[in-house]
Amino acid sequence: MLIASIILIPVILIVVSLLVRQVKALGVINALGYAALFVVCALFLIDFLAHGGTPVNLWGWVYLDSLSVFFLLITSIVSFAASIYSVGYILAEVEEGKISTRKAIAYFQLFNLFCLTMLVVPLLNNLALVWIAIEMTTLISAFLVGFHNVKESIEAAWKYIIICSVGITFALLGVIFFYYTSSKDAGVKSLEWVSMLSGSGMFDPKIVRLALIFILVGYGTKAGLAPMHNWLPDAHSQALSPISGLLSGVLLKISLYAILRFVMLANLSVGYAFSAKLFVLFGLLSVAVAGTFILVQKDFKRLLAYSSVENIGLVSLGLGFGAFGGIFAGLLHAFNHAVTKALMFFCAGNAVRAYRSNSMDKMQGLIKVMPFTGIVLFLGLFALVGMPPFSIFISKLLILISAFQAKHYLIAIIILVFVGLAFAGLLNHISRIVLGNVPQGLPVQKEPLSSKLALIFLGTFMLGLGLSLPKALVDLLVNCQQLILGK
Amino acid sequence: MMPINNLILVTGQVILLVLFAPLVSGFIRKIKNNLRMRKGPSVLQPYYNVQKLISKDEVISRHASWIFLAAPVIVFASIICALFLVLLAQLGPFGNNDMAILIAAFFVLGLGRFFLALAGLDTASSFGGMGSSREMFISSFAEPIAFVAVFVLCMSGADTFRISTLLAGFAILMVTLAETSRVPVDNQETHLELTMVHEAMVLEYSGRSLALIELASHTKQIIFFILLSWYFFPSMTGGVWGWVIFPGKIAIISLAIALIELSVAKMRLFRVVDFLSFSFFIALLASIAAGLGI
Amino acid sequence: MMLSIILSGFLVATFLLVVAKRITALIRSFRIQAIFLSLYALYMGLSQRHLEMFIVCGLIFVLKAIVIPFVLLRIIRRINVEEDLGLLVNPQLSLIIALGFTYLSYLFAHNAMALTDPVESAALAVSITVVCLGFFIMVSRMKAVAQIIGLLVMENGIFLAASAISGGMPFFVEIAFFFDIFVFVIIIEVFVYKVNRLFTHIDTSKMKSLKG
């Protein structure tokens, strides 16, 4: 029942957005719908944990274990926040005459479709369908990236759609290799994850290794791991701000989810150690690339996009030190990053509106122009660079601890160096945005109520999880860790 | 050494094939005309042409040397010789020795081409020189491909369909189009265009010499068709059945050639390089495949 | 035996794609490739006696040999693009590279996957080659339409790999993939029009407004 409503809510909202012709009403209905979705997911989580985290399997099509529930939770939280934020954002766009009413309605239709495809991914049992759902997220969100129909946004959308489709085509090759070894060596002629897992002990290690590389490169493209991250800064900077939040907060993680599914399949044949090596390799590359590029950015949203690359690299590193509590840390970091980065992108959206520019040279003194956004952005900055008492501090610390426990001292030091670089870059850029001198003749502006609500909602998670981790989340993450390690 | 009865058999085949060769050209022309909704001349028209040419007087340029006079005979003889060698190669199993025979066949063909090109230059007419230079230009690309393709055949053998031989066959098909002056490379049907290659080279010939040269080109065509049939119809050569289905194989190849000629446009001369380099890479690919045994 | 013929044809069609200099030639070669792919499915259907494979064969033929070339030709007609493909690598060099890819794919199929049946292993080699060459077309041909075709070629290769090594995916998965390809082509068509309207060309190497 609860699972059905997870799918039904976006579907109903799509229907509603086809019928309602008024932007504001549509936005509010949308936000209410995602509030309901959030509640449903929370209820489901409680229900799920009450049953001791036993996986739910519905007719072989839907399969939910701790990992799926965790990613559902991320999706529902961020999409809820994005839906609240969208109300004011889209209304302002319409009022400024940037988009027509018809286009605003189209926005909500695409928004719902996008969320639907992302929500479907963790629910599905069949790995081919997971692949198709992820491909659909690309195709649909490409419209949202190129929403403004100007040169830059269409270029970003084009790169996004082409690079991600190519990446995901390589992932398909990986899926097929898994299917091959599963049908030949284990006799499981099916792409259902559960049945494949049952035969995964008999997989041919050679093929599994190859397949895993393809999977990591393929879905890694979509997850924004370096060196396949080229689309990410473009798409994130050109998308509408609520969508940037969704892309960075959810989409990247959803691809990570797909990778983890295959890692779990590979455990029994090649062991977690092999996957861990790959994770460390890509994670290290991402952190290094992003740490360097953050320093030279001029565009605010691009800066945040590179920070996403860095953080997804950290998550990947956490997963790489998996055997030493790193999975817990990595997934926690994924959660914290989703929340914090969505908040940052929403702040960026407000700031871009106030200054009518993406360029950080022109954005100065946000705290005087938009006091509320300015303060939240400042807090978000501290959270993002990993200062206590915010949540990212804890997850970053845990990742580092696991690195040391895994005795990867050199890697840990390299991470520290690049995280330090990113720290300096972010602090330098964003503190100037918040505290600099206000440009001449810029009036004090107010952000819409809805964006305040969205920021408060996300801020609660950002701060709250830093102060204390709820037992439900800890249980869920411990379950995930055991699942991924195959214990 | 060859047993004597094999020698007789091959000689008989050569004579039959030379007689048979003009028919193939007539057949291809007939198919093309029918597909173009034209009536066209009879299938036997090449024979009539040869007959007509033999009965005519020959006009020889005052500036022509002995090369001009000797070339038709040398060309015809070399092509007959090549046909002989190709048929000999067909008799034995495909071992190293037979490969040598096929290579020899291509060299002998080269001898004929050399004299024809010389003859084109000999009378110092502008068309002849142009034709010769173009012919040599094209064949300098076509010949290596034929060699590589033959290597593939020798490595893989023609006992069943293999990826290597099929790819090599594709390459040889393109070479055949070039060597028999078919459409994407040359055009047999016209003497009017400035782009002609083979026809330009033999423009100065008339009468009996021209008859000999035409007969030689028909025979050369049949040599390539026989080669093609090895690639595309493997293990269908031996015994009585080989005799029965041979005309069928040649007919199918003729049909394919006619269809290709109708469906593509003639290329500029320098595009021929692209065309043949593609063919060369397919042949090279085939040789790799043959080396790997697939 | 039939398999060898189909595979060679498929490979030659892919090489034709690599040497194509003009967009119409590219689309024509893509159509030839798709026809060979559907022949392959037909062969699999006949040899395994699966009704599903015949449906897949029909779908490949309709979608890839008719609908997609039609859509691509429509794009070209509507935006009146010049024929040139924007080659970064000329056809001859492309062929040499393609040859290298083919050899490497064979080594990959032969050694890494350790398939015993030579034809099966050849089929895998061909499919990996096609995937690589599709990727190569995408990175070395700068026109948007060529990139679309490159992606579709990769997809063709993967389909071949799937049926070569594991006798085809489950039926509904195949159908879902067709749906996916169809949606992809339709959506990408929209984007090509948008790119053309805003940039007045579809040369992706000239898209340089986003940097860093």
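What follows draws every value from the coordinates through simple rules; no lab data is involved. Since the model is a prediction, treat every value here as computed from it, not as a measurement. FYI the Cβ positions are ideal-geometry reconstructions off the backbone, even for glycines, and counts take in every protein chain you see.
Quick notes on this one:
- Translational diffusion coefficient (Stokes-Einstein; Kirkwood radius from C-alpha pairs) of region B:4-292 at 20 °C, 1.002 mPa s, in µm²/s: 110 µm²/s
- When the trypsin sites (Lys or Arg not before Pro) in region C:117-212 are filtered for DSSP coil states and for at most 15 other beta-carbon atoms within 10 Å of their beta-carbon, the remaining sites are C:208, C:211.
- Between region A:404-427 and region B:188-264, the Cα center-to-center distance that results, in Å: 73 Å
- Among the residues of A:80-91, the average count of other protein chain beta-carbon atoms within 10 Å of the residue beta-carbon is 0.
- Compactness of region C:3-98 - radius of gyration and Dmax, Cα, Å: 15.4, 46
- Mean projection of the Cα convex hull over all viewing directions, computed for region B:161-200: 2.9 nm².
- By average C-beta atoms within 10 angstrom, highest first, the peptides A:159-172, B:23-36, C:121-134: C:121-134, A:159-172, B:23-36
- Helix-only CD estimate at 222 nm, as mean residue ellipticity for the protein assembly as shown, using -39500 (n - 2.57) per DSSP H run (n ≥ 4): -26500 deg cm²/dmol
- For residue A:126, nonlocal amide neighbours, meaning residues 5 or more places apart or on other chains whose placed amide H falls under 5 Å from its own, are A:193.
- Projecting the Cα positions of A:359, A:133, A:67 onto the charge dipole of region A:2-485 (unit charges on Cβ atoms of Lys, Arg, Asp and Glu, taken about the Cα centre) puts A:359 furthest along the positive direction.
- Within a straight-line Cα-Cα reach of under 18 Å, residue A:151 can be paired with the following aspartates and glutamates, leaving aside sequence neighbours fewer than 8 residues apart in one chain: A:234, A:299, C:189, C:203.
- Checking every one of the chymotrypsin sites (Phe, Trp or Tyr not before Pro) in region B:176-274 against DSSP loop status and a limit of 16 other Cβ atoms within 10 Å picks out B:270.
- Both numbers refer to the Cα atoms of region A:189-311; Rg and Dmax are 16.4, 52 Å.
- Peptide C:2-9 has a mean shielding of 5, counted as Cβ atoms of other protein chains within 10 Å of each residue's Cβ.
- Take each residue in A:152-162, count the other chain C-beta atoms within 10 Å of its C-beta, and the mean is 6.
- Alpha-carbon centroid distance for the pair region C:70-129 / region A:186-210, whole angstrom: 29 Å
- Using the empirical formula 2.2 N^0.38 Å as the baseline, the Cα radius of gyration of region A:227-299 reaches a ratio of 1.34.
- Computed over chain C, Kirkwood Rh from alpha-carbon pairs, angstrom: 17.6 Å
- C-alpha long axis of helix A:391-405 to longest principal axis of chain A, angle in °: 40 degrees
- When peptides B:61-68, B:247-254, A:45-52, A:314-321 are ranked by their average number of other Cβ atoms within 10 Å per residue, the highest-first order is A:314-321, B:247-254, A:45-52, B:61-68.
- Of A:24/A:103; A:103/C:194; A:253/A:407; A:24/A:301; A:159/C:194; A:24/A:253, pairs whose Cα-Cα distance is over 23 Å: A:253/A:407; A:24/A:301; A:24/A:253
- Nearest 10 degrees, 0 to 90: helix B:96-122 Cα axis against chain B principal axis: 10 degrees
- Simple Cβ-charge dipole of region B:4-292, Lys/Arg +1 and Asp/Glu -1, about Cα centre, in debye nearest 20: 680 debye
- For region C:50-167, alpha-carbon Rg over 2.2 N^0.38 Å: 1.21
- Span from the region B:155-171 Cα centroid across to the region A:281-299 one, whole angstrom: 52 Å
- Largest to smallest principal axis extent of the C-alpha atoms in the protein assembly as shown, angstrom: 109, 63, 55
- Rounded to the nearest 10 degrees, the inclination of helix B:45-54 to the longest alpha-carbon principal axis of chain B is 50 degrees.
- Set of lysines with alpha-carbon distance to residue C:21 below 17 Å, sequence-local pairs under 8 removed: B:266, C:143
- Share of pairwise Cα separations in region A:2-485, more than 31 Å, in percent: 38 percent
- Taken along its three principal axes, the alpha carbon spread of region A:61-143 comes to 45, 22, 14 Å, from the longest extent down to the shortest.
- Those lysines that a straight Cα-Cα span of less than 24 Å connects to residue B:249, excepting residues fewer than 8 apart in one chain: B:30, B:32, B:220
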